[in-house]
Amino acid sequence: MTETSIGENEKRKNPFFEPYATPHDTVPFDKIRIEDFEEAFMEGIRRDNEHIEKTINNPAKPTFDNTIIDKDDDTDGYYDLLDRVSTVFYNLTSAETNDELDALAQKMSPILTQHANDVRLNEKLFERIKYVHRHHRKLTPEEKMLLETTYEGFARSGALLDAEGKEKLRKLTEEASMLSLQFSQNLLKENKAYTLHITDRTQLDGLPDIAIEAAAQTAKEQKKDGWVFTLDFPSYQPFMTYSTQRELRREMYMARNTVCTHDNTENNLEICKRLINLRREIAQLLGFKTYADYVLKHRMASNTRNVYKLLNDLIDAYKPTALKERDALLKMAQKMEGKDFKMEPWDSAFYSHKLQMKKYNLDAEMLRPYFELQKVIDGVFGLANRLYGITFKENKDIPVYHPDVKAYEVFDKDGSYLAVFYADFHPRKGKQGGAWMTEYQGQYIDRKKDKEGKEILENVRPHVCVVMNFSKPTEEKPALLTLSEVETFLHEFGHSLHGMFANTRFESLSGTNVWWDFVELPSQFMENYAVEKDFLRTFAFHYQTGEPIPEELIERIVKSRNFMVAMACLRQVSFGLLDMAYYTQRKEFTDDIIPFEKHAWKKAILGKQLPDTCMTVQFSHIMAGGYAAGYYSYKWAEVLDADAFSLFKKNGIFDKATAESFRENVLSKGGTEHPMTLYKRFRGEEPTIKALLKRNGIRR
């Protein structure tokens, strides 16, 4: 974003108000200024209100076309302004924020929440929608789905409440919106505030060269001597895995696992407690016993009973193996340190690495030289080409929001334009941790009319973005990834394929706009390729010599794919249990967060729980990320992805016919039909847990 020059405001127009005039109508990041956002937000709200008044004052009888989809006739984008600016703004507050954007987010949050409530609680508008829901022309399956989701969206947002209930709901949702935002801002500030500054080289013992070089570069950027380690994953994880300095590992572990618990303005404990209660109150106001009941009504799992069945089935299946893994880890540590050695949480990664080396002679640093970022990009793009025939071409004329970001044009197998793909790979100051996929423009069919009144259909293609936090290049080496980072890339790329292949009429039903326990299927499906020999051979070449990854190293990767898999599964299950414990509350939640957390997930916890550590206060997925009462989705989708990939294993992992069926029946359909209907159309039957257990080596 550019800075304002004196006197220029009178000459320029807000770029959100104008046609973008960029390749494929991409966001003109280079022209947007911070002050443009608030102006565009307020104008977008005004236009939205204008559209609603036009709709509710339409003297014609309510119909599907003049009430549900009339906004789609907005051929000049006049009424799309609020969506346009919101998409850009909130993506930037996650990927490239600063104090000014954070302050504006705080200012706009109650205004935007109030506007959303004004729309959803507009009685005259809902009366028209309700009429159409009962009386409508013959609809296509996709039109039926849009009508149903529109009606349900209003009903689930309080449209059926009386005046007193609506007013109460307004207050609850406005407070929840503000607290979710505060939670995220606190977490970012706390994570970025901590550094481990080392000036004594002996304290770097055990660390690989690439981690030392990265720490030296971070120190240089911060104008410090020596080496600086941070809580960003590419810095934190190698330190915890390789450092022989147990006391420093303890310091790093405690720093990461006590963020937002300290006695300062970034403490999230009371915020979490209030968010849990707000969501319970909202759900009960809308007629549900718990927030989980409210959420699961529109999920494949359907109810809490099915969620707990999945989580408990996984515990039963994986815990015996997980206990053996834990014992093997302790045995390894005691063999090295003495029989009286007691394992602490900051020891797990260190001794897991030692055990992996003993069993497979393999660790992440051995693989890095073969996973140069550009080669990995080529490999992932090549996989998409081999499966679906699509190609990627970088276009430097497409504006980006940070120099790290690359923009690509994507072309379909017939050479036609398919999508714009942005990739943002490395951590930086204003960027949240983790990895995610988002959109700057969704896919939909734009229905226009020419001068003669003849209808013209245009398939508006999506602009998708993957945001990650991978190891950065250093002065000595290019960006070299771990196998885990390659898996993360494949995961987010799977989400992007779901967006890029979207081919539906309505934007609200396209791409990743599906039920949340289905949305992880395309992403987790792609992770399967990370340990497939024939895929690794396509891109894993040594960054210095160009030599392909040795066959015996590939064999070790394949053999080690299930290393500590049961403990990893229970870790994910523990998060699901914690999530459900909070959102199945029927009465006011008054417990202290930290002890409650320890109890809620203990069935899936094998290691030592420390009294001061807390996951909840940094658990963005369930507090601020939309996964509240839905974190089980990752394991639910893992059942689906293992079952789906088993068909590829049977037919060939690059089989074009199977890939085309997956694209046609799953990736392109968005939320136009029930997800199980789409899945069965691809697979021929409902999934079972068998394929997952077989893949993980739990059962044959």
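The values are calculated or read from the model by the stated rules, or taken from the named source; none is laboratory data. The model shown is predicted, which means the values in this text are computed figures rather than measured ones. Note: ideal-geometry Cβ built from the backbone for every residue, glycine included; neighbour counts use all protein chains shown. Ligands, DNA and RNA are stripped out before the accessible areas are found, and what is left, the full protein with its side chains, is counted by its heavy atoms. Shrake-Rupley method; radii C 1.70, N 1.55, O 1.52, S 1.80 Å.
Looking only at region 21-32, count how many residues are free of Cβ contacts under 8 Å to residues at least 60 places away in the same chain, crowded, with 17+ Cβ neighbours inside 10 Å and farther than 15 Å from residue 86 by Cβ.
Restricting attention to region 21-32, the residues satisfying the condition of being free of Cβ contacts under 8 Å to residues at least 60 places away in the same chain are 21, 32.
Right, trim to crowded, with 17+ Cβ neighbours inside 10 Å and you get 32.
Okay, now just the ones that are also farther than 15 Å from residue 86 by Cβ, so none.
Result for region 21-32: 0.
Of the residues 176, 155, 163, only one is under 25 Å from the mean Cα position of the chain (by Cα) and either open to solvent by less than 40 Å² (accessible area, probe 1.4 Å) or over 30 Å from residue 218 (Cα atoms) (or both); which? I'd like the intermediate steps shown before the answer.
On the way: 155 fails: under 25 Å from the mean Cα position of the chain (by Cα); 163 fails: under 25 Å from the mean Cα position of the chain (by Cα).
Answer to the check: 176.
Of all residues in region 443-459, which are surrounded by fewer than 18 Cβ atoms within 10 Å (Cβ to Cβ) and in contact with a helix residue (DSSP H, G or I) (Cβ under 8 Å, 6 or more places away or on another chain)?
Filtering region 443-459 for residues surrounded by fewer than 18 Cβ atoms within 10 Å (Cβ to Cβ) gives 445-459.
Of everything in region 443-459, those that are surrounded by fewer than 18 Cβ atoms within 10 Å (Cβ to Cβ) and in contact with a helix residue (DSSP H, G or I) (Cβ under 8 Å, 6 or more places away or on another chain) turn out to be 446, 447.
Being small (Gly, Ala, Ser), crowded, with 18+ Cβ neighbours inside 10 Å and modelled with pLDDT of 95 or more is the filter here; which residues of region 360-408 pass it?
Applying the first criterion (small (Gly, Ala, Ser)) to region 360-408 yields 364, 379, 382, 384, 389, 407.
After this cut, where a residue has to be crowded, with 18+ Cβ neighbours inside 10 Å as well, the list is 364, 379, 384, 407.
Result: 379, 384, 407.
Pairs, please: C-beta under 7 Å, at least 6 apart or cross-chain, first residue touching a residue at least 60 places away in the same chain (Cβ under 8 Å) and in region 401-423, second hydrophobic (A, V, I, L, M, F, W, C) and in a loop (DSSP other than H, G, I, E, B)?
Close Cβ pairs satisfying both conditions: 401/29; 407/398; 407/400; 410/390; 418/390; 420/398.
Which condition breaks for residue 305 when tested against (1) part of a helix (DSSP H, G or I); (2) surrounded by 15 or more Cβ atoms within 10 Å (Cβ to Cβ)?
Only one criterion in (1) part of a helix (DSSP H, G or I); (2) surrounded by 15 or more Cβ atoms within 10 Å (Cβ to Cβ) is unmet by residue 305, namely (2).
Is it the case that residue 486 is in a loop (DSSP other than H, G, I, E, B) and either acidic (Asp, Glu) or at pLDDT 95 or above (or both)? Please lay out each step first, then the result.
Working: in a loop (DSSP other than H, G, I, E, B): no; either acidic (Asp, Glu) or at pLDDT 95 or above (or both): yes.
Criteria not met by residue 486.
Scanning for something assigned to a loop (DSSP other than H, G, I, E, B) and either at pLDDT 90 or above or among the polar types (S, T, N, Q) (or both), does region 441-450 turn up at least one residue? Even if it seems obvious, please write down each step before you answer.
The initial filter retains those residues of region 441-450 that are assigned to a loop (DSSP other than H, G, I, E, B), namely 442-443, 450.
Those still in the list that are either at pLDDT 90 or above or among the polar types (S, T, N, Q) (or both) too: 442-443.
Yes, some residue in region 441-450 is assigned to a loop (DSSP other than H, G, I, E, B) and either at pLDDT 90 or above or among the polar types (S, T, N, Q) (or both).
For region 438-460, how many residues are closer than 30 Å to residue 189 by Cβ and in contact with a Phe, Trp or Tyr (Cβ under 8 Å, 6 or more places away or on another chain)? Don't jump to the end; show me each part of the working.
Within region 438-460, the first condition is being closer than 30 Å to residue 189 by Cβ, and the residues that meet it are 438-440.
In the following step, the residues that additionally are in contact with a Phe, Trp or Tyr (Cβ under 8 Å, 6 or more places away or on another chain) were identified as 440.
So the answer is 1.
So that you can scan it fast, the table gives a plain yes or no per residue for (1) of a type in the set (Ser, Thr, Tyr); (2) in a loop (DSSP other than H, G, I, E, B); (3) open to solvent by less than 40 Å² (accessible area, probe 1.4 Å); (4) modelled with pLDDT of 95 or more:
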{"residue": "244", "(1), (2), (3), (4)": "yes, yes, no, yes"}
{"residue": "263", "(1), (2), (3), (4)": "no, yes, no, yes"}
{"residue": "281", "(1), (2), (3), (4)": "no, no, no, yes"}
{"residue": "310", "(1), (2), (3), (4)": "no, no, yes, yes"}
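Residue pairs, Cβ under 9 Å, 6 or more apart or interchain, first in region 346-367 and on the phi > 0 side of the Ramachandran plot, second open to solvent by 20 Å² or more (accessible area, probe 1.4 Å) and of a type in the set (D, E, K, R). List them.
From region 346-367, the pairs are 361/556.
Report the residue count in region 478-490 for those that are over 15 Å from residue 237 (Cα atoms) and either more than 19 Å from the chain's Cα centre (by Cα) or surrounded by fewer than 23 Cβ atoms within 10 Å (Cβ to Cβ) (or both).
4
Return yes or no: is residue 475 in contact with a helix residue (DSSP H, G or I) (Cβ under 7 Å, 6 or more places away or on another chain), open to solvent by 40 Å² or more (accessible area, probe 1.4 Å), under 29 Å from residue 188 (Cα atoms) and part of a helix (DSSP H, G or I)?
In short, no.
List the pairs whose first member sits in region 585-608 and is more than 17 Å from residue 261 (Cβ to Cβ), whose second member is open to solvent by 30 Å² or more (accessible area, probe 1.4 Å) and assigned to a loop (DSSP other than H, G, I, E, B), and whose Cβ atoms are under 7 Å apart, counting only residues at least 6 apart or on separate chains?
Filtered contacts from region 585-608: 586/289; 608/344.
Applying the selection to region 664-698, what residues are under 23 Å from residue 508 (Cβ atoms) and either open to solvent by 30 Å² or more (accessible area, probe 1.4 Å) or in contact with a strand residue (DSSP E or B) (Cβ under 6 Å, 6 or more places away or on another chain) (or both)?
Those that are under 23 Å from residue 508 (Cβ atoms) and either open to solvent by 30 Å² or more (accessible area, probe 1.4 Å) or in contact with a strand residue (DSSP E or B) (Cβ under 6 Å, 6 or more places away or on another chain) (or both): 664, 669, 673, 674, 676, 677, 681.
Does residue 433 satisfy being open to solvent by 20 Å² or more (accessible area, probe 1.4 Å), on the phi > 0 side of the Ramachandran plot and out of contact with any His (no Cβ under 9 Å at 6 or more places or on another chain)? Full working, then the answer.
Values: open to solvent by 20 Å² or more (accessible area, probe 1.4 Å): yes; on the phi > 0 side of the Ramachandran plot: no; out of contact with any His (no Cβ under 9 Å at 6 or more places or on another chain): yes.
Criteria not met by residue 433.
Please find, within region 1-14, the residue that is nearest to residue 440 (Cα to Cα) out of those that are at pLDDT below 95 and among the polar types (S, T, N, Q). Working first, answer last.
From region 1-14, those at pLDDT below 95 are 1-13; that's our starting set.
Remaining after also requiring among the polar types (S, T, N, Q): 2, 4-5, 9.
Values: 2: 19, 4: 24, 5: 27, 9: 26 Å.
Result: 2.
Go through region 199-208 and report how many residues are assigned to a helix (DSSP H, G or I) and touching a residue at least 40 places away in the same chain (Cβ under 8 Å). It would help to see each step written out before you state the result.
We begin by selecting, within region 199-208, every residue assigned to a helix (DSSP H, G or I); these are 201-204.
Subset that is touching a residue at least 40 places away in the same chain (Cβ under 8 Å): 203.
Result for region 199-208: 1.
Looking at 640, 610, which one is assigned to a helix (DSSP H, G or I), aliphatic (A, V, I, L, M) and at pLDDT 95 or above?
Details: 610 fails: assigned to a helix (DSSP H, G or I).
The unique qualifying residue is 640.
In region 518-538, is there at least one residue being touching a residue at least 40 places away in the same chain (Cβ under 8 Å), open to solvent by 10 Å² or more (accessible area, probe 1.4 Å), among the hydroxyl-bearing types (Ser, Thr, Tyr) and over 16 Å from residue 384 (Cα atoms)?
Scanning region 518-538 turns up no residue that is touching a residue at least 40 places away in the same chain (Cβ under 8 Å), open to solvent by 10 Å² or more (accessible area, probe 1.4 Å), among the hydroxyl-bearing types (Ser, Thr, Tyr) and over 16 Å from residue 384 (Cα atoms).
Every residue, every condition in (1) of a type outside the set (A, V, I, L, M, F, W, C); (2) within 30 Å of residue 127 (Cβ to Cβ); (3) in contact with a Leu (Cβ under 9 Å, 6 or more places away or on another chain); (4) in a helix (DSSP H, G or I), yes or no:
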residue	(1), (2), (3), (4)
153	yes, yes, no, yes
158	yes, yes, yes, no
165	yes, yes, yes, yes
177	yes, yes, yes, yes
182	yes, no, no, yes
191	yes, no, yes, yes
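Might you check whether a residue that is out of contact with any helix residue (DSSP H, G or I) (no Cβ under 6 Å at 6 or more places or on another chain), charged (D, E, K, R) and part of a helix (DSSP H, G or I) occurs anywhere in region 222-233?
The initial filter retains those residues of region 222-233 that are out of contact with any helix residue (DSSP H, G or I) (no Cβ under 6 Å at 6 or more places or on another chain), namely 222-225, 230, 232-233.
Subset that is charged (D, E, K, R): 223-225, 232.
From what's left, part of a helix (DSSP H, G or I): none.
Scanning region 222-233, I find no residue that is out of contact with any helix residue (DSSP H, G or I) (no Cβ under 6 Å at 6 or more places or on another chain), charged (D, E, K, R) and part of a helix (DSSP H, G or I), so the answer is no.
For region 99-112, how many residues are polar (S, T, N, Q) and open to solvent by 20 Å² or more (accessible area, probe 1.4 Å)? Walk me through it before giving the result.
Step one: of region 99-112, the residues polar (S, T, N, Q) are 106, 109.
Pick out the ones that are also open to solvent by 20 Å² or more (accessible area, probe 1.4 Å) and you get 106.
Qualifying residue count, region 99-112: 1.
Looking at region 515-541, which of the residues that are closer than 12 Å to residue 489 by Cα and small (Gly, Ala, Ser) is nearest to the chain's Cα centre (by Cα)?
523
Output yes when any residue across region 637-658 is open to solvent by 10 Å² or more (accessible area, probe 1.4 Å), within 29 Å of residue 285 (Cα to Cα) and not aliphatic (A, V, I, L, M), and no when none is.
Taking every residue of region 637-658 in turn, none turns out to be open to solvent by 10 Å² or more (accessible area, probe 1.4 Å), within 29 Å of residue 285 (Cα to Cα) and not aliphatic (A, V, I, L, M).
Which is touching a residue at least 40 places away in the same chain (Cβ under 8 Å) and either open to solvent by 60 Å² or more (accessible area, probe 1.4 Å) or small (Gly, Ala, Ser) (or both), of 322, 328? Talk me through it step by step, then tell me what you get.
Values: 328 fails: touching a residue at least 40 places away in the same chain (Cβ under 8 Å).
Only one candidate passes the filter, namely 322.
If we scan region 15-35, do we find a residue that is of a type outside the set (Gly, Ala, Ser), at pLDDT 95 or above and farther than 19 Å from residue 440 by Cβ?
yes
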